[in-house]
1. Quick one: in region 152-170, which of the residues that are modelled with pLDDT under 95 and outside any loop (DSSP other than H, G, I, E, B) is surrounded by the most Cβ atoms within 10 Å (Cβ to Cβ)?
2. Among the listed residues 149, 186, identify the single one that is assigned to a strand (DSSP E or B) and under 29 Å from residue 133 (Cα atoms).
3. Could you tell me whether residue 69 is outside the structural domain of residue 189 (by TED's automatic domain parsing), at pLDDT 95 or above, touching a strand residue (DSSP E or B) at 6+ places or on another chain (Cβ under 6 Å) and surrounded by 19 or more Cβ atoms within 10 Å (Cβ to Cβ)?
4. Residue check, residue 110 against (1) in a helix (DSSP H, G or I); (2) surrounded by fewer than 17 Cβ atoms within 10 Å (Cβ to Cβ); (3) modelled with pLDDT under 95, all met but one. Which one?
5. Of these, 219, 176, which one is in contact with a strand residue (DSSP E or B) (Cβ under 9 Å, 6 or more places away or on another chain), part of a helix (DSSP H, G or I) and free of Cβ contacts under 8 Å to residues at least 40 places away in the same chain?
6. What do you reckon, is residue 34 closer than 23 Å to residue 170 by Cα and out of contact with any helix residue (DSSP H, G or I) (no Cβ under 6 Å at 6 or more places or on another chain)?
7. Can you name the number of the only condition in (1) touching a helix residue (DSSP H, G or I) at 6+ places or on another chain (Cβ under 8 Å); (2) at pLDDT 95 or above that residue 102 fails?
8. Taking residue 201 and the conditions (1) in contact with a helix residue (DSSP H, G or I) (Cβ under 9 Å, 6 or more places away or on another chain); (2) buried (at least 20 other Cβ atoms within 10 Å of the Cβ); (3) farther than 16 Å from residue 10 by Cβ, which numbered condition does it fall short on, given that it satisfies the others?
């Protein structure tokens with residue numbers, strides 16, 4: 001699927017796994033050629049997109065969806081608009097049905113997912129070559145989210161403020177699935193904004209957030225909220241956090257900073 005951080009992404013991901021199918025989320029800002037590469041690599045039977053003509057779809061979302069649809073049409077992948085309304089009803093509308101689909105699926109399986117079933121396919125960053133696919137099983141996801149819950153003592157009273165993209169293992173496992181597994185909740189925004197971060201964090205009563213060092217540095221450059229919201233902890237991952245930024249985070253936001261090491265191939269946190 002090529003969908004921004006949203007309820008639609010969460011519903012689409014969980015429903016796909018529950019059906020014993022496999023999710024392969026894409027960066028919704030990919031160009032048509034980039035989407036084409038990933039579609040050829042993951043061989044999906046269906047590409048989920050945001051509604052192209054909906055007033056609720058932003059111009060940037062629409063542009064990304066159009067790029068993804070162009071790639072799907074080029075290589076023969078079925079595509080559908082996917083949305084969830086205010087009542088929680090799911091709407092799926094097929095917008096491209098190739099006469100000869102390049103990739104074929106299997107008959108829907110009504111059995112519950114098996115721990116060894118592949119649930120998610122992500123890709124490495126490709127910094128030393130072409131991105132490589134990384135299949136992760138339900139067992140992998142359960143193990144990692146369980147470790148995160150235990151590491152940070154997450155409870156039903158915790159609420160994460162999600163700023164990391166859900167097409168990345170950091171945002172999906174640490175920012176979304178681990179809090180949900182603990183019985184807690186998640187504040188989902190479509191993209192990070194330093195200008196609205198602390199206002200949203202306080203108004204939604206979030207208790208923690210996880211991010212990359214770049215985002216931490218941006219927040220340190222923005223005006224400090226007064227009063228400061230209560231922050232149980234700040235998590236940093238995906239690249240090294242400098243000692244200077246580490247110290248400034250703790251001193252500025254009056255919260256412990258907990259740094260984690262992770263990699264896609266290990267289903268995130270190690």
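The values are calculated or read from the model by the stated rules, or taken from the named source; none is laboratory data. The structure presented is a predicted model; accordingly, all values stated were derived computationally and were not measured. Here the Cβ positions follow ideal geometry from the backbone for every residue, glycine too, while neighbour counts run over all protein chains shown.
1. 169
2. On inspection, the qualifying residue turns out to be 186.
3. In short, yes.
4. Result: residue 110 fails condition (1) only.
5. That would be 219, the only listed residue that is in contact with a strand residue (DSSP E or B) (Cβ under 9 Å, 6 or more places away or on another chain), part of a helix (DSSP H, G or I) and free of Cβ contacts under 8 Å to residues at least 40 places away in the same chain.
6. Yes: the conditions hold for residue 34.
7. Residue 102 satisfies all of (1) touching a helix residue (DSSP H, G or I) at 6+ places or on another chain (Cβ under 8 Å); (2) at pLDDT 95 or above except (2).
8. Checking residue 201 against (1) in contact with a helix residue (DSSP H, G or I) (Cβ under 9 Å, 6 or more places away or on another chain); (2) buried (at least 20 other Cβ atoms within 10 Å of the Cβ); (3) farther than 16 Å from residue 10 by Cβ, the one that fails is (1).
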